[in-house]
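J.: The structure follows.
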Amino acid sequence: MGRCSPLHFLFGRLNDNCRRVKFTPITAVKPVTPLLAADIVIHERGQSWRSIVLIKRINPPYGWALPGGFVDVGETVEAAAVREAREETALDVTLEGLLGIYSRPDRDPRGHTVSAVFVATGSGRLRAADDAQAAAVFSIDQLPQPMAFDHMDIVQDYARYLDRHVPGVV
């Protein structure tokens, strides 16, 4: 590289002759990034923390899954989690905390999807809605098969979460 002053480096990209390189503003370039989703581990108010709500998916990939879905543009991940829980299970949920961020590129066979997974308490009458064929409560020790996505891994993380955060859960 040529003899550039330190100020050149502060104010833009330079070519080999210390001349500013024209670049397209970030607003004109849309980065290619993973999709963003929100999933929810729901236990029903007054029930065991070790019993959680799962939905049976109508659409591929088929199987049982935690309630959840894609975050809409302009929506927070927290609002998406609450909305998806209501749409798929008819339950009103109170988010208790963030279980984790799941970002393994192969976690969703439809493409790279990053999911913020919340722990929530649900209330109301559980029923399948939206793109759920069925909704039911299962013990985390006796889950139905097959489980979609990486949701078996998430439930195992939830079991460890219970050990650390919910005293007296057996």
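The values are calculated or read from the model by the stated rules, or taken from the named source; none is laboratory data. Quantities reported herein were computed from a predicted structural model and do not represent experimental measurements. Cβ sites come from the backbone with ideal geometry, for glycine too, and all protein chains shown count toward neighbours. Heads up: the accessible areas ignore ligands, DNA and RNA and are worked out on the full protein's heavy atoms, side chains in. Shrake-Rupley method; radii C 1.70, N 1.55, O 1.52, S 1.80 Å.
J.: Hey, among 110, 104, which residue is of a type in the set (D, E, K, R), surrounded by fewer than 17 Cβ atoms within 10 Å (Cβ to Cβ), in contact (Cβ under 8 Å) with a residue 12 or more places away in the chain and touching a Leu at 6+ places or on another chain (Cβ under 9 Å)?
T.: On the way: 104 fails: touching a Leu at 6+ places or on another chain (Cβ under 9 Å).
None of the other options fit; the residue is 110.
J.: I've got another one for you. Considering region 90-110 alone, what residues qualify as being under 14 Å from the mean Cα position of the chain (by Cα) and not acidic (Asp, Glu)?
T.: Of everything in region 90-110, those that are under 14 Å from the mean Cα position of the chain (by Cα) and not acidic (Asp, Glu) turn out to be 95, 97, 98, 99, 100, 101, 102, 103, 104, 105, 107.
J.: For residue 50, only one of the following conditions fails: (1) over 16 Å from residue 159 (Cα atoms); (2) open to solvent by 10 Å² or more (accessible area, probe 1.4 Å); (3) of a type outside the set (Gly, Ala, Ser). What is its number?
T.: (1)
J.: Based on this model, can you work out whether residue 40 counts as in contact with a Phe, Trp or Tyr (Cβ under 7 Å, 6 or more places away or on another chain), within 30 Å of residue 141 (Cβ to Cβ) and either at pLDDT 60 or above or of a type outside the set (D, E, K, R) (or both)? Even if it seems obvious, please write down each step before you answer.
T.: Details: in contact with a Phe, Trp or Tyr (Cβ under 7 Å, 6 or more places away or on another chain): yes; within 30 Å of residue 141 (Cβ to Cβ): yes; either at pLDDT 60 or above or of a type outside the set (D, E, K, R) (or both): yes.
For residue 40, the condition - in contact with a Phe, Trp or Tyr (Cβ under 7 Å, 6 or more places away or on another chain), within 30 Å of residue 141 (Cβ to Cβ) and either at pLDDT 60 or above or of a type outside the set (D, E, K, R) (or both) - is met.
J.: For residue 157, indicate whether it is open to solvent by 40 Å² or more (accessible area, probe 1.4 Å), touching a Leu at 6+ places or on another chain (Cβ under 7 Å), modelled with pLDDT of 95 or more and not in a strand (DSSP E or B). Steps first, please.
T.: On the way: open to solvent by 40 Å² or more (accessible area, probe 1.4 Å): yes; touching a Leu at 6+ places or on another chain (Cβ under 7 Å): yes; modelled with pLDDT of 95 or more: yes; not in a strand (DSSP E or B): yes.
So residue 157 fits the description; yes.
J.: Checking the condition out of contact with any helix residue (DSSP H, G or I) (no Cβ under 6 Å at 6 or more places or on another chain), in contact (Cβ under 8 Å) with a residue 12 or more places away in the chain and surrounded by 15 or more Cβ atoms within 10 Å (Cβ to Cβ), which residue from 132, 128 passes? Spell out how you get there, then give the answer.
T.: Numbers: 132 fails: out of contact with any helix residue (DSSP H, G or I) (no Cβ under 6 Å at 6 or more places or on another chain).
Going through 132, 128 in turn, just one is out of contact with any helix residue (DSSP H, G or I) (no Cβ under 6 Å at 6 or more places or on another chain), in contact (Cβ under 8 Å) with a residue 12 or more places away in the chain and surrounded by 15 or more Cβ atoms within 10 Å (Cβ to Cβ): 128.
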